[in-house]
Amino acid sequence: MNNEIVNRFAIAGEAASCERYGNGHINETYLAVSTSGARYILQKINQTVFRDVPALMRNISSVCEFLRARDPDPRHSMRIVPPREGGSFLYDESGAAWRMYDFVEDSLCLEAPETAEDFYQSAVAFGTFQRQLAEFPAETLAETIPHFHDTPDRFRQLHEAADSDPLGRKKLVARELEFAFAREEEAGALVGMLAKGELPLRVTHNDTKLNNVMLDASTRKPLCVIDLDTVMPGLAAYDFGDSIRFGASTAAEDERDLEKVTMSLPLFETFVRGFTSACTTLTANERETLPMGAKLMTLECGIRFLADYLVGDTYFRIHRPDHNLDRCRTQFKLVADMEAKWAEMARIVSKA
């Protein structure tokens with residue numbers, strides 16, 4: 001079946017093989033190889049998460065075309081392989097949506113940094129992505145997941161989950177709810193600045209983990225940013241902050257021993273240096289909001305885990321009882337640690 005799908009795209013030659021590839025949790029990903037030896041990434045798009053596939057693919061196509069016009073190197077931006085009948089994706093007979101990209105050759109993708117230099121290079125990659133798209137009209141992009149980084153709206157969802165309390169779990173998380181709601185007022189700081197025109201609307205990636213950066217296999221320097229499904233209008237602090245939330249933590253996202261969970265200032269400084277050196281288009285206000293981006297993205301993630309725990313773990317996949325509660329607690333511990341290190345975080349950003 002998949003070979004038939006592969007042959008519907010404008011590949012070099014015919015399909016020779018098509019096997020599952022990678023460990024993504026949203027879309028089904030396959031490595032397709034043609035009779036010419038060319039390699040491609042084939043994906044079955046998750047239409048439960050991404051309900052408007054045409055809008056999703058318009059986002060990706062327009063961003064990729066914009067990037068390619070500024071840097072034609074085929075390894076420096078994702079390159080969509082069009083279906084033979086035209087367009088940027090296709091539907092099969094069952095209604096499933098498929099797309100294809102050229103495989104980025106001589107590259108590697110890391111699940112976690114092996115050295116501080118790897119983390120630095122991811123910062124360069126995402127900073128470069130922001131700089132290259134600084135003149136892109138962000139308002140023309142669709143919201144593939146509406147209100148994705150609308151922190152006040154995430155608090156609304158948490159209030160609803162706590163008020164409904166369908167499983168009677170609210171009494172178990174009184175301390176976590178108190179922690180979250182004590183910070184609700186400041187959660188609207190960034191969207192408030194955007195509304196006042198104090199921050200520019202940017203093209204944001206919204207999933208800035210290291211495994212969404214392709215590195216050159218020889219030099220380990222960044223080639224391009226991948227997984228553009230959540231590319232939407234947003235704020236530069238969102239992308240910076242999500243990288244810190246995930247990459248500067250000293251423990252796993254679901255670590256039960258909270259004594260192990262801190263925000264590493266050396267890693268924070270490493271990422272700040274890489275991001276700001278590459279993203280030379282940041283305004284003064286954007287630079288100042290980078291620490292707030294780290295805090296709010298971490299707080300937002302924590303309240304999403306908490307809300308999901310309250311309603312019965314319906315969104316985030318769990319692998320043990322209270323898994324989402326464990327995840328929530330690590331995020332809140334990171335927030336508290338950031339607050340304790342706030343002056344130093346601001347100093348690091350100011351001197352970068």
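Can you give me the accessible area per residue for the chain, using a 1.4 Å probe, in Å²?
44
Collect residues whose amide H, placed 1.01 Å from N in the peptide plane, falls under 5 Å from the amide H of L199; neighbours closer than 5 in sequence don't count.
HN-HN under 5 Å from L199: L194.
Assuming R0 = 30 Å, can you tell me the calculated FRET efficiency for the pair D165 and T250, based on Cβ-Cβ distance, to the nearest 0.05?
0.35
Which value, in debye to the nearest 20, describes the size of the charge dipole of segment 23-159 about its Cα centre when Lys and Arg Cβ atoms bear +1, Asp and Glu Cβ atoms bear -1, and nothing else is charged?
280
Pairing the Cα long axis of helix 323-340 with the longest principal axis of the chain, what angle in degrees results, from 0 to 90 and rounded to the nearest 10?
With rounding to tens, the tilt is 60 degrees.
Give the long-range amide H neighbours of S107: residues separated by 5 or more places, or on another chain, with amide H under 5 Å away, using H modelled in the peptide plane at 1.01 Å from N.
Here A217 satisfy the definition.
Spelling out what I want: for every residue of segment 86-93, take phi, set θ = phi - 60°, compute 6.51 cos²θ - 1.76 cosθ + 1.60 (Karplus), and round to whole Hz; glycine and proline get x.
x, x, 10, 7, 9, 9, 8, 5
For a protection proxy built on the mean count of beta-carbon atoms within 10 angstrom, sort 199-206, 63-70 highest first, please.
Going from most to least packed, we get 199-206, 63-70.
List the relative contact order of the chain as a percent without decimals, with contacts defined as Cα pairs under 8 Å and 6+ residues apart.
18 percent.
Place a point 7 Å from the Cα of E85 along the Cα-to-Cβ direction; which residues of segment 6-48 have their backbone N under 12 Å from it?
Residues 8-9 qualify, since their backbone N sits under 12 Å from the label point.
Helix 116-132 against the longest principal axis of the chain: what's the angle in degrees, Cα atoms only, rounded to the nearest 10?
Between helix and principal axis, roughly 70 degrees.
Around E28, which amide H atoms from residues at least 5 apart in sequence, or from another chain, sit under 5 Å from its own amide H, with H modelled in the peptide plane?
Under 5 Å from the amide H of E28 lie the amide H atoms of K44, N46, each far enough along the sequence or on another chain.
Can you list the lysines whose alpha carbon sits under 25 Å from that of K341, skipping same-chain ones fewer than 8 residues off?
List returned: K209, K260, K295, K333, K351.
Using the alpha-carbon atoms, what tilt in degrees (0 to 90, nearest 10) does helix 342-351 show relative to the longest principal axis of the chain?
Approximately 50 degrees, to the nearest ten.
Probe 1.4 Å, all protein chains in place: accessible area of Y120 in Å², nearest 10?
Estimated to the nearest 10 Å², Y120 gives 50 Å².
Got a sec? What order do W342, W98 fall in by accessible area at 1.4 Å, biggest, i.e. largest, first?
W342, W98
Can you compute the modelled spin-label distance between H147 and D52, with each label point 7 Å from Cα toward Cβ, in nm?
For the pair H147/D52, the computed spacing is 1.6 nm.
At 7 Å along Cα-to-Cβ for each site, give me the label-to-label distance between T35 and D102 in nm.
2.3
Ignoring ligands, DNA and RNA, what percent of the accessible area of segment 212-264 is carbon or sulfur (1.4 Å)?
Carbon and sulfur atoms account for 47 percent of the accessible area of segment 212-264.
Per-residue counts of other Cβ atoms within 10 Å, averaged by peptide: what ranking do you get for 323-334, 256-267, 83-94, highest first?
323-334, 256-267, 83-94
The values are calculated or read from the model by the stated rules, or taken from the named source; none is laboratory data. For clarity, every value in this text was computed on a predicted model and none was experimentally measured. Glycine also receives a Cβ, built like all others from the backbone with ideal geometry; neighbour counts cover every protein chain displayed. Side chains are part of the model used for accessible areas, which takes the heavy atoms of the whole protein and leaves out ligands, DNA and RNA. Shrake-Rupley method; radii C 1.70, N 1.55, O 1.52, S 1.80 Å.
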